[in-house]
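Report on the structure given below.
Just so you know, all these numbers are worked out from the coordinates, no wet-lab data involved. Note that the coordinates shown come from a computational prediction; the quantities given were computed from them, not determined experimentally. Note that each Cβ is placed from the backbone with ideal geometry, even for glycine, and that neighbours are counted across all protein chains shown.
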């Protein structure tokens with residue numbers, strides 16, 4: 001009889017211990033989920049800040065660089081602001097250029113590649129301190145009209161990407177090696193420069209889609225709507241050619257055949 005009571009006491013103590021552990025497990029699980037969310041947010045903020053700092057010289061200001069990074073990342077409209085000092089003591093003038101990326105949403109890695117190629121394409125044209133309109137033209141496509149009447153056509157990094165071209169293909173079409181561009185966009189563009197154009201020799205910029213300023217009244221080219229809505233796909237690495245298979249020896253006949 002005493003043995004039975006002792007067994008029941010042990011069983012009751014075990015059940016009580018198990019029930020006491022349930023709230024502790026639930027609390028631990030909730031803490032882990034909160035920590036993961038915080039790490040993800042911090043990583044995203046770090047990437048945005050790093051790219052903004054890297055491309056501030058190209059964009060002309062920290063605010064413009066941030067607008068480019070955020071706009072290309074989210075696929076939303078980008079507004080770039082530029083202030084030009086007045087001549088002969090006159091008041092300064094502030095202008096804005098607005099465009100919507102042809103590509104839609106992109107990851108931070110693709111944002112970096114796109115901005116690097118745009119910077120290299122302008123450096124190739126001899127423009128290392130671009131205006132807001134020139135940045136927009138390098139990304140979405142446009143034309144630089146020089147004071148002597150000559151023009152520089154910019155295919156547009158994002159327009160080419162939206163049309164289905166890979167980053168390596170886009171770089172090659174512009175006369176670059178993608179690795180050189182990622183190492184130093186401005187240096188890669190200057191090495192590939194075909195003809196130097198001073199910044200003050202650009203009379204106006206004609207953006208491909210008619211956004212911003214300094215544009216003419218020509219019809220905008222068709223948007224790549226079907227391409228823009230596709231999810232982003234990473235470029236596939238080129239596979240080396242498969243080695244030729246050795247010739248198989250002829251099958252010998254069966255014994256007694």
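For the reader, a short list of remarks on this structure follows.
- In terms of other Cβ atoms within 10 Å, 61, 45 run from fewest to most in the order 45, 61.
- Cα gyration tensor, the stretch 96-206 - rounded (a/c under 1.5), prolate or oblate: oblate
- Footprinting exposure proxy for 182, 174 (fewest neighbouring C-beta atoms within 10 Å first): 182, 174
- When 52, 93 are sorted by how many other C-beta atoms sit within 10 angstrom of their C-beta, beginning with the fewest, the order is 93, 52.
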